[in-house]
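**Q** Here you go, one structure.
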Amino acid sequence: MTKPKKIGILTAGGDCPGLNAAIRGVGKTAILKYGMEVIGISSGFLGLIDKEYFPLEERMLSGILTEGGTILGTSREKPFKKNKRLKVDKPGIIVETYNKLGLDCLVCIGGNGTQKTAARLVGEGLNIIGIPKTIDNDVWGTDQTFGFDSALWIATDAIDRLHSTANSHKRIMVIEVMGHHAGWLALYAGMAGGGDVILIPELDYNMDVVNEYLLQRARNKKPYSIVVVAEGIQKPYPDQPAASFVAKKIEEGTGMETRETILGYIQRGGKPTPMDRILATRFGASAVDLIADGDYGKMVIKKGEKIKSIYLSEVGSKLRLVPPDYKLIKKARGLDICFGT
Ligand code: F6P
C-alpha cells in the first residue's frame, strides 16, 4: 500500500456543535502525525460538485475547537437524489473532482443522510471514512454522536427556565425539542429537566391519558406541569408543530391554561460542551488513523468507552431509535413520569 498523502474533508447535513472540533481532530492528526495534506471542501457535497475547496492549513485549525458551526460550511445536497429536470451526473462530477484533486481519501462528517451518500460513494470506487454527528443521536451503529450532548444541555436549560415561569402562573408548559424521527433528545432533556410528561415518536400516546395525568397532578396540589414533546411524534396534521397540537389538546381536555415553546435552531447553535469536544476530537483523530492504515469504507463509532469502526455499507438507511423497553423509560415510569400510555 502506498502511504496516503492527501485527504479531503467535508461537513454535510444540518450543523451541530462539535463540527469544528472534529475538523481540527482530523486536520491536526493528518498534518502533524502523518504529514498529510488536507483539502477543505466547502458546503458539504456541493463543494465537490461546484469545485469549491481550499488547502486546509494547520494554522487555520487553531482556535476553532470551542466554536460552534463549521468553518467549512454545510448543505443538505444529496448527490444521488434523482432530479428529472436537471440532467447532471452529480456522482460522476464528485468522482471527477476527487480524482482531479488527487485525494487518497475523503472524510465525510455528517448524520444518516451523509453516511448513506458516503456508502454510495464507496460504491463509486472512492476511499471514504465517515464520522457521525447530529443532535438527534440517531445514527445507527454508534452509542453516541457528537452534537447530542450540547443540544441536551441547551434543551435542559430551556426546561429549567420554563419551570419557574410555569410555577408563577400555574400553567402547563409544553416544550418541543428537535430529534427528527428519534426521541433521544426529548427523553434525555425531559428526564434531566424534570419533565412531568415526555412524548417521543417511538411510543404511541393517548391525549386522554396525558390530560387525566395533568388533572390528577392538579388535584394533588401540583397546579403546574412541564410537558416535553419530540418534534417527530405522530399527529394528525404533519405540518402542525407537535407543541401546538399537544398544547391545544391539553387546554381543550383539561381547561388548564397552557402555553407552548418551540425551541428550534437554538439547539444546534453555539459552543460544544466539553464532552462533545472530546468525542469529536477522538472521532476525528481515529478517522485519520484508519486512513493511515488504508482501512477505508468505514465509519468511526463509540462503543462503550472505546472508539471503533464499522463498514459504511452496514449503516445504510437504518435509524437508531429509542427502544420502547429502554431502561431509562422503565425507571421514569417508576417515578410516575407520564409517556402518554
Ligand atoms: O438533524 C438535525 C435536525 O436539527 C433535526 O433535529 C431537525 O428535524 C432537522 O435537522 C431540521 O432540518 P433543517 O436544518 O433542514 O431545517
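**Q** Which condition number in (1) in the same structural domain as residue 103 (by TED's automatic domain parsing); (2) touching a helix residue (DSSP H, G or I) at 6+ places or on another chain (Cβ under 6 Å); (3) among the polar types (S, T, N, Q) is the one that residue 286 fails?
**A** Condition (2) is where residue 286 drops out.
**Q** Output the number of residues of region 47-76 satisfying the condition of being of a type outside the set (Gly, Ala, Ser) and part of a loop (DSSP other than H, G, I, E, B). Break it down stepwise before answering.
**A** As a first pass, look at region 47-76 and keep what is of a type outside the set (Gly, Ala, Ser): 48-61, 64-67, 70-72, 74, 76.
Checking the rest, the ones that are also part of a loop (DSSP other than H, G, I, E, B) come to 50-52, 56-57, 64-67, 70-72, 74, 76.
Of the residues in region 47-76, 14 are of a type outside the set (Gly, Ala, Ser) and part of a loop (DSSP other than H, G, I, E, B).
**Q** Looking only at region 1-46, count how many residues are part of a loop (DSSP other than H, G, I, E, B), touching a Cys at 6+ places or on another chain (Cβ under 8 Å) and buried (at least 23 other Cβ atoms within 10 Å of the Cβ).
**A** Keep residues of region 1-46 that are part of a loop (DSSP other than H, G, I, E, B), which gives 1-5, 12-18, 34-36, 42-44.
From the residues that got through so far, the ones that are touching a Cys at 6+ places or on another chain (Cβ under 8 Å) too are 4, 12.
Filter once more, keeping what is buried (at least 23 other Cβ atoms within 10 Å of the Cβ): 12.
Here the count works out to 1.
**Q** Out of the residues in region 221-237 meeting the condition of being farther than 21 Å from residue 181 by Cβ and open to solvent by 50 Å² or more (accessible area, probe 1.4 Å), tell me which one is farthest from the chain's Cα centre (by Cα). Show your work before the answer.
**A** As a first pass, look at region 221-237 and keep what is farther than 21 Å from residue 181 by Cβ: 221-226.
From the residues that got through so far, the ones that are open to solvent by 50 Å² or more (accessible area, probe 1.4 Å) too are 221-224.
Working: 221: 38, 222: 35, 223: 35, 224: 31 Å.
Looking at the filtered set, the residue picked out is 221.
**Q** Looking only at region 60-73, which residues are more than 13 Å from residue 277 (Cβ to Cβ), of a type in the set (Ser, Thr, Tyr) and open to solvent by less than 50 Å² (accessible area, probe 1.4 Å)?
**A** Answer for region 60-73, where residues must be more than 13 Å from residue 277 (Cβ to Cβ), of a type in the set (Ser, Thr, Tyr) and open to solvent by less than 50 Å² (accessible area, probe 1.4 Å): just 70.
**Q** So, one more: Among (1) surrounded by 22 or more Cβ atoms within 10 Å (Cβ to Cβ); (2) in a loop (DSSP other than H, G, I, E, B); (3) acidic (Asp, Glu), which single condition is residue 204 missing?
**A** It is condition (1) that residue 204 fails.
**Q** Moving to a separate point now. For the subset of region 162-193 comprising residues that are among the hydroxyl-bearing types (Ser, Thr, Tyr) and over 18 Å from residue 337 (Cα atoms), which member is nearest to the ligand (Cβ to nearest atom)? Talk me through it step by step, then tell me what you get.
**A** Let us first name the residues in region 162-193 that are among the hydroxyl-bearing types (Ser, Thr, Tyr), namely 164-165, 168, 188.
Those left that are additionally over 18 Å from residue 337 (Cα atoms): 164-165, 168.
Values: 164: 26, 165: 25, 168: 30 Å.
Among those that are among the hydroxyl-bearing types (Ser, Thr, Tyr) and over 18 Å from residue 337 (Cα atoms), it is 165.
**Q** Condition test on residue 194, is it among the small types (Gly, Ala, Ser), modelled with pLDDT of 95 or more and open to solvent by less than 10 Å² (accessible area, probe 1.4 Å)? Let's see the steps before the verdict.
**A** Numbers: among the small types (Gly, Ala, Ser): yes; modelled with pLDDT of 95 or more: yes; open to solvent by less than 10 Å² (accessible area, probe 1.4 Å): no.
No; evaluated as a whole, the condition is false for this residue.
**Q** When region 56-88 is examined, which residues are found to be modelled with pLDDT under 95 and of a type outside the set (A, V, I, L, M)? Outline the logic, then answer.
**A** In the first step, residues of region 56-88 are kept if they are modelled with pLDDT under 95; the result is 81-88.
Passing the criteria: 81, 82, 83, 84, 85, 87.
**Q** Within region 208-215, is there a residue that is within 15 Å of the ligand (Cβ to nearest atom) and crowded, with 20+ Cβ neighbours inside 10 Å? Full working, then the answer.
**A** Of region 208-215, the ones within 15 Å of the ligand (Cβ to nearest atom) are none.
Within region 208-215, none of the residues are within 15 Å of the ligand (Cβ to nearest atom) and crowded, with 20+ Cβ neighbours inside 10 Å.
The values are calculated or read from the model by the stated rules, or taken from the named source; none is laboratory data. Fair warning: this is a prediction, and the values are worked out from it, not measured in the lab. As a convention, Cβ positions derive from the backbone with ideal geometry for all residues, glycine included, and neighbour counts pool all protein chains shown. Please note that ligands, DNA and RNA were not included when accessible areas were found on the heavy atoms of the full protein model with its side chains. Shrake-Rupley method; radii C 1.70, N 1.55, O 1.52, S 1.80 Å.
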